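For reference, the structure is listed below as structure tokens.
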Amino acid sequence: MPLFVAGLSHRNAPVELREQLALEEDKLRELLAGVAAAGTAREAVVLSTCNRVEVYAVADVPGEARAAVFRRLCRHRGVDPAAVEATLYTHVEGDAVRHAFRVTASLDSMMIGEPQILGQVKEAFALAQSCETVGPALHTLFTQAFAVAKKVRTETEIARHAVSVSFAAVELAKKIFGGLARKAILLVGAGKMSELAAKHLVEQGAFPIYVANRTWARAQELARALAGTPVPFDELDAALGGADIVITSTAATGPVVTRERVRAVLHGRGARPLFFIDIAVPRNVEASVNTLDDVYCYDIDDLRQVVDANIRERLREAQRAEVLVEREVGKFVARLGDVEVIPTIVSLRERLEEIRAGEVRKTLMRLGAATPETREAIEALSTAIVNKILHAPITKLRESSRAGSSRSWLDLVHELFGLGRR
Amino acid sequence: MHAIFLNLAILAYVLATGFSFAYVVQREELIHRLASLATGAGWALQTVALVALGHELGRPPLGSLAEAVSVAVWVIVLLEMWVERRSGVRVLGAFVLPVVLVFSLKSAAAHHQLPAIVPALSGAWLWVHIGLALVGIAAFALNFAGALMYLLQEHQLKARRPGALYYRLPDLETLDRLTYRTLALGFPFLTTGLVLGVLWAGAAWGSVFAFDPLALLSFVAWLIYAGTLAGRVLGWHGHRAAYFALIGFGALVLTLGAGLFLPGRHG
């Protein structure tokens, strides 16, 4: 069963080409219907996102099917097929399985571990199902790809560490406070980015929110948007005393929060940690604030450094994920071979069981009053004989399918045991 | 008999330490499972070794400091497995097991000459004194590990350049809770153990601290922990409490070291 994937992605094709080939849903439906009608591919799923256009298909002659699908696609979009044909990559069989697993698990994404791709693959699969171009091969392939993707997400950390500045700030807060429930946030200054960071914190349970701004009306407005409380700018010290997380983003040219100011505030607040997220440029919080006990201060560059480190960590985790995927590919390919011989094995077992049960019934009837022990012994004896006889042919079938020579063996078994035509 | 099992236990602890370090570097589920397995196996083997030793001696294996340290190790490992399960801090082993290893090698080296028990050492109160003090010491070993992890994670956060440990270690709040709880667990045990020791020594020798470095040092350690606990109650948090946990455990290790190396009644 020649399975293949062909396509282009952010790795080998420029955005100009990708955007030309990206298809909306109704066009995809048309394409799938056309492929099915032409009969070059037995099964097909088309994945079309802004980063990749790929066809997963089962066809007797993969090269022919690939050309047919992409010629059709290019015709839809008015693109020169020759230019596309030159950039296409193709993987067959085991390599196609690996590609499907890696793409779905977000290992082939531009940002490793990004969560959207799994949803996009699921949509592409559902669409192909509704167009009835999914058969048993692609069904098992994608079901397994989804399972592998889930496994990769839970067993490695490729999707765990924040790759945006505002989420990185949330993660840092969690490393300091554990849970964020009931942690008070103070926004000093009102900006889009600080609002976004505050929203992320609130989603994690942070509460309440105070907003201080030089313009009272703006403080009120932002407080309303975030369900918080506006605080007069000259009462900042009191607000600092009650806050756990402070996000600063004023347009002030000098530091608004000095080391002295924080030190004075610390006395009244026990040793609860205080976390400053300084998004403003020039900075609003004196860097030396960070040297105070239980006080942490991150400016925008620090947050970017954290994001860079997070990306490096994701890449390290991706290596583990690759190992995991490789193992799953091996298992899947072995199973893929078995898929061909399983129906025969099942009917072989059923046929012999039918014979056995029938003969046992006849014998027991002839014996008349047999004790339960005798019945059990006869059942056990006949089952053992059947299993012993079946052992060799079943092993042979499994071996042949792994060696890729199952066809003649399947025919032979069907003939010998009278299982009817395949 | 007990020596074979003790050696096997130490071997298992060596493996457990190795796997725990490996788990910090490479967070594979399998490695963590192997580390837990080796830890559990080591503990079971040590249990057999201690029972065998007690049987050979015809008394609890707490008659010399080397024996007591071996029992302390046994309690530490038990506590480590329990706390790791409870708190979900899976890197705990990497911080506790090295301590376990040092202690158990030390006590095994001293084990070769099984000392005859000093005639003055007898009576159930003595065993209670030693047993309680050991549970206290075990809790403080975990207190030490928690404080060490806290300070490392705090350093990462202060440095603002996350390294490998930033990702491996849990959040500060969890670590602070761990150190506080182990302190709260260890302190009453150590206190009762020491009080019993003082009363018993007073009855047996008439004087408490005379010429016994271990008793003196353990009192210093007790003072440090008492101060930390008082500070905690008054609202100390993380940073300072963690430093005091390190100092307190340092004093405890000195105490045991003094008992192992300096002449005195605990020898």
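The values are calculated or read from the model by the stated rules, or taken from the named source; none is laboratory data. If you're wondering where the values come from, they're calculated on a predicted model, not measured in any experiment. Positions of Cβ are generated from backbone atoms using ideal geometry, with glycine treated the same way; all protein chains shown enter the neighbour counts. Quick note on the areas: whole protein, heavy atoms, side chains included, nothing else; ligands and nucleic acids left out. Shrake-Rupley method; radii C 1.70, N 1.55, O 1.52, S 1.80 Å.
Miscellaneous remarks
- The set of residues from the stretch B:235-246 being open to solvent by 50 Å² or more (accessible area, probe 1.4 Å) and either closer than 15 Å to A:Leu266 by Cα or not assigned by TED's automatic domain parsing to the domain that holds B:Leu172 (or both) comprises B:Trp236, B:Arg240.
- Of the numbered criteria (1) within 28 Å of A:Leu274 (Cβ to Cβ); (2) not assigned by TED's automatic domain parsing to the domain that holds A:Leu186, the one A:Ser288 fails is (2).
- Of all residue pairs spaced 6 or more apart or on separate chains, those with beta-carbon atoms under 7 Å, a first member in the stretch A:157-181 that is more than 7 Å from chain B (Cβ to nearest Cβ) and under 16 Å from B:Arg177 (Cα atoms) and a second member that is of a type outside the set (Lys, Arg) and open to solvent by 20 Å² or more (accessible area, probe 1.4 Å) are A:Gly179/A:Gly205; A:Leu180/A:Gln204; A:Leu180/A:Gly205.
- Residue count for the stretch A:243-279 under the criterion of being open to solvent by less than 10 Å² (accessible area, probe 1.4 Å), over 20 Å from A:Ala181 (Cβ atoms) and within 14 Å of chain B (Cβ to nearest Cβ): the result is 2.
- From A:Glu203, A:Glu195, residue being of a type in the set (Asp, Glu), in the same structural domain as A:Ala243 (by TED's automatic domain parsing), modelled with pLDDT of 90 or more and closer than 14 Å to A:Ala169 by Cα: A:Glu203
- A Cβ distance below 9 Å, combined with a sequence gap of six or more or placement on separate chains, defines the contacts here; from the stretch A:235-250, residues that are closer than 17 Å to A:Phe167 by Cα reach residues that are buried (at least 23 other Cβ atoms within 10 Å of the Cβ) and of a type in the set (Asp, Glu) in the pairs A:Val246/A:Asp278; A:Ile247/A:Asp278; A:Thr248/A:Asp278; A:Ser249/A:Asp278.
- Test: residue in the stretch B:11-23 that is within 14 Å of chain A (Cβ to nearest Cβ) and either open to solvent by less than 40 Å² (accessible area, probe 1.4 Å) or free of Cβ contacts under 8 Å to residues at least 24 places away in the same chain (or both): yes
- Of all the residues in the stretch B:122-176, those that are among the aromatic types (Phe, Trp, Tyr) and either within 14 Å of another protein chain (Cβ to nearest Cβ) or closer than 21 Å to A:Ile277 by Cβ (or both) number 3.
- Among residues of the stretch A:1-23 that are loosely packed, with under 15 Cβ neighbours inside 10 Å, those with a beta-carbon under 8 Å from a residue that is part of a helix (DSSP H, G or I) at least six positions away or on a different chain give the pairs A:Asn12/A:Thr87.
- Selection within the stretch A:280-335: residues that are open to solvent by 30 Å² or more (accessible area, probe 1.4 Å), aliphatic (A, V, I, L, M) and part of a helix (DSSP H, G or I). The member of this set that is nearest to B:His155 (Cα to Cα) is A:Ala287.
- Applying the criterion of being at pLDDT below 90 and of a type in the set (Asp, Glu) to the residues of the stretch A:355-381, the residue that is surrounded by the most Cβ atoms within 10 Å (Cβ to Cβ) is A:Glu379.
- For A:Ala105, the conditions (1) within 22 Å of A:Val15 (Cβ to Cβ); (2) modelled with pLDDT of 90 or more are fulfilled apart from (1).
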